[in-house]
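Undergrad: Attaching a single structure in structure tokens format; questions to follow.
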Amino acid sequence: MVIVNVLKQGLLYSVFFVATSLLATSRVCASQPPVVSPPVLSIAEGSNPNIVLIMADDLGAESVGCYGSTVFSTPNLDRMARRGARFENAYGTPSCSPSRAMIMTGQYLNRTGFLERLKTGAGTGLPAHVKTFGHFFQQNGYETGIAGKWHLGDFEDFPDHPAANGFDTYYMYGGYIREESYGYGPPIWENGTFTVLDKSVYGPDLYCDSILTFIEENRDRPFLAYYPMTLVHKPFIAPPMIDDQIKHFFPESASADEKHYALMVSYMDRLVGRVLDKLDELGLAENTLVIFTADNGTPNAITSHIGDLAIKGGKLALIESGYRIPMIATWPGTIPVGTRDSFMTLTDVYPTLAGLTGHTVDHEVDGMDLSHTFLDQPGTDREYVYMAWEGDRYFVRDKRFRLHQDGRLYDIPVSSNETRYSEKHATNPEHADARKRLEGKLAEFKKIKKSDDSYTLAILKTNKKLNTAEEMGR
């Protein structure tokens, strides 16, 4: 395990995670040279740097500039990519709740029971006894705060849910009350108090404000700030500020949804920029690790473009555009600039955060500590990506093939965007060895036992009784 708590000139290096993209060169980024990193410093065990984790909502990697998008403008994420590490092969799940459970617990979905998105009114949620990174960092002396989207249980049923799951303070989107409330006039749960705001108020601004306040108030102590954004989830409604700094490149023939989604992506990027600027303002930028990622792929109403390659959003589907996400990490002087080709999943974030802050997770997790990958040092990489979905659907993926539980084998090498998004079936006899190898890995994965059967069944059975047309998690 690589430990990365850094001491330099007597100052504690902070760790800052933003959930949505990791550095890479791209068509959009190529016009500006990458920042040259100094040599990686030695790491002091248990130095407790700060952590900020940002996760965008419904943002596939193909919808980010530094991943090659030619229709979306993300200058702040591109700035991160020029200064840090961008992960080419980062994966979440096809939907919201499973990814949020995965990143917080470090466990596979068939262990947590979050095998599909949690519907409004399900009457269940992430149990308090399941240890999260919130609990872990609390126990290691951190102040923990969260602002944005929860989607791991209704606040009507669990009014203090984030507190029970490891957060000292929270400011959360309170749940579906009308379609536009996802953006304007949101219901807010703030430390046990419920309020519905005026329809003129734009919720994403408030969640960002809350995170910035939390960072400023805790600048002199170790903190974990988790920022699961509500952008860019539908409904696709234009954000409040449209000016020359917010640009998108869809043709006039594009649908209203596509144009509004592009504006929302730009606004999401602007909020990330506010966080980065706050770090500069407080003098924390040099002492901070930032990681940005997303929960799942782009919605299927949106078609992204990487040059001439059109990529239809795959949210809710077990295809590459359904679960490939951006992931970008910066930590000046510690994380070398460049692209990382190794696999990184949301399951790995928790143990990697622990490793990067000089700690070791003290209970069972499925994720790997991939600190060495962030530091661009030798170590054991993840060879396979595993997925459990909607109760009885499974797959395992390596860097070329993806095998499903029903025997379908896809030949989708990650070596190019054209092949990774092709969803090409592998039918040649020469693929027999790959099939046999992946069948063995899939059989091992399916043996993983659920941590709480009654909890799992409650989610699955209750979801089937609910109307899915208007629930917040689609």
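Undergrad: Quick one: in the stretch 374-412, of everything that is polar (S, T, N, Q) and without any contact (Cβ under 8 Å) to a residue 60 or more places away in the chain, which residue is farthest from Tyr142 (Cα to Cα)?
TA: Gln405
Undergrad: Is one or more of the residues making up the stretch 110-132 under 23 Å from the mean Cα position of the chain (by Cα), at pLDDT 95 or above, under 25 Å from Leu316 (Cα atoms) and not acidic (Asp, Glu)?
TA: For the stretch 110-132, residues under 23 Å from the mean Cα position of the chain (by Cα), at pLDDT 95 or above, under 25 Å from Leu316 (Cα atoms) and not acidic (Asp, Glu): present.
Undergrad: Limited to the stretch 69-107, what total is found for residues that are of a type in the set (Gly, Ala, Ser) and under 12 Å from the mean Cα position of the chain (by Cα)?
TA: Residues meeting the conditions: 6.
Undergrad: Report yes if some residue within the stretch 406-426 is of a type in the set (D, E, K, R) and either modelled with pLDDT under 90 or in contact with a Cys (Cβ under 9 Å, 6 or more places away or on another chain) (or both); otherwise report no.
TA: No, the stretch 406-426 contains no residue that is of a type in the set (D, E, K, R) and either modelled with pLDDT under 90 or in contact with a Cys (Cβ under 9 Å, 6 or more places away or on another chain) (or both).
Undergrad: Also, quick follow-up: Kindly check whether there is at least one residue in the stretch 367-379 that is at pLDDT 95 or above, under 30 Å from Tyr182 (Cβ atoms) and touching a helix residue (DSSP H, G or I) at 6+ places or on another chain (Cβ under 8 Å).
TA: Yes, the stretch 367-379 contains at least one residue that is at pLDDT 95 or above, under 30 Å from Tyr182 (Cβ atoms) and touching a helix residue (DSSP H, G or I) at 6+ places or on another chain (Cβ under 8 Å).
Undergrad: Working only within the stretch 416-450, note down all residues that are in a loop (DSSP other than H, G, I, E, B), surrounded by 12 or more Cβ atoms within 10 Å (Cβ to Cβ), within 25 Å of the chain's Cα centre (by Cα) and not β-branched (Val, Ile, Thr).
TA: Matches in the stretch 416-450: Tyr421, Ser422, Glu423, Lys450.
Undergrad: If you don't mind, there's one more thing I want to ask. If I go through the stretch 36-76 residue by residue, how many of them are charged (D, E, K, R) and at pLDDT below 95?
TA: The total comes to 1.
Undergrad: Considering the stretch 296-338 alone, what residues qualify as being among the basic types (Lys, Arg) and either surrounded by fewer than 24 Cβ atoms within 10 Å (Cβ to Cβ) or assigned to a loop (DSSP other than H, G, I, E, B) (or both)?
TA: Of everything in the stretch 296-338, those that are among the basic types (Lys, Arg) and either surrounded by fewer than 24 Cβ atoms within 10 Å (Cβ to Cβ) or assigned to a loop (DSSP other than H, G, I, E, B) (or both) turn out to be Lys312, Lys315.
Undergrad: Just need a number here: residues in the stretch 62-86 that are in a helix (DSSP H, G or I), farther than 30 Å from Ser253 by Cα and not basic (Lys, Arg).
TA: Qualifying residue count, the stretch 62-86: 2.
Undergrad: Name the residue, out of Tyr227, Tyr207, Tyr171, Tyr202, that is more than 28 Å from Phe137 (Cα to Cα) and surrounded by 14 or more Cβ atoms within 10 Å (Cβ to Cβ).
TA: None of the others qualify; the one that does is Tyr202.
Undergrad: Quick one: in the stretch 387-406, of everything that is within 11 Å of Ala426 (Cβ to Cβ) and not aliphatic (A, V, I, L, M), which residue is surrounded by the fewest Cβ atoms within 10 Å (Cβ to Cβ)?
TA: Arg400
Undergrad: A further question on this structure: Exactly one condition in (1) in a loop (DSSP other than H, G, I, E, B); (2) surrounded by fewer than 18 Cβ atoms within 10 Å (Cβ to Cβ); (3) not hydrophobic (A, V, I, L, M, F, W, C) is false for Asp277; which is it?
TA: Here Asp277 meets the rest and fails (1).
Undergrad: Let me ask something additional. Test Leu289 against the criterion of being buried (at least 24 other Cβ atoms within 10 Å of the Cβ) and either without any contact (Cβ under 8 Å) to a residue 24 or more places away in the chain or over 17 Å from Asp57 (Cβ atoms) (or both), and give yes or no.
TA: yes
Undergrad: Considering (1) surrounded by fewer than 20 Cβ atoms within 10 Å (Cβ to Cβ); (2) modelled with pLDDT under 95, say which one Ser342 fails and leave the rest.
TA: Tallying (1) surrounded by fewer than 20 Cβ atoms within 10 Å (Cβ to Cβ); (2) modelled with pLDDT under 95, Ser342 fails exactly one: (2).
The values are calculated or read from the model by the stated rules, or taken from the named source; none is laboratory data. Just so it is clear, the model here is predicted, and its values are computed rather than measured. Neighbour counts run over all protein chains shown; Cβ positions are idealised from the backbone, glycine included.
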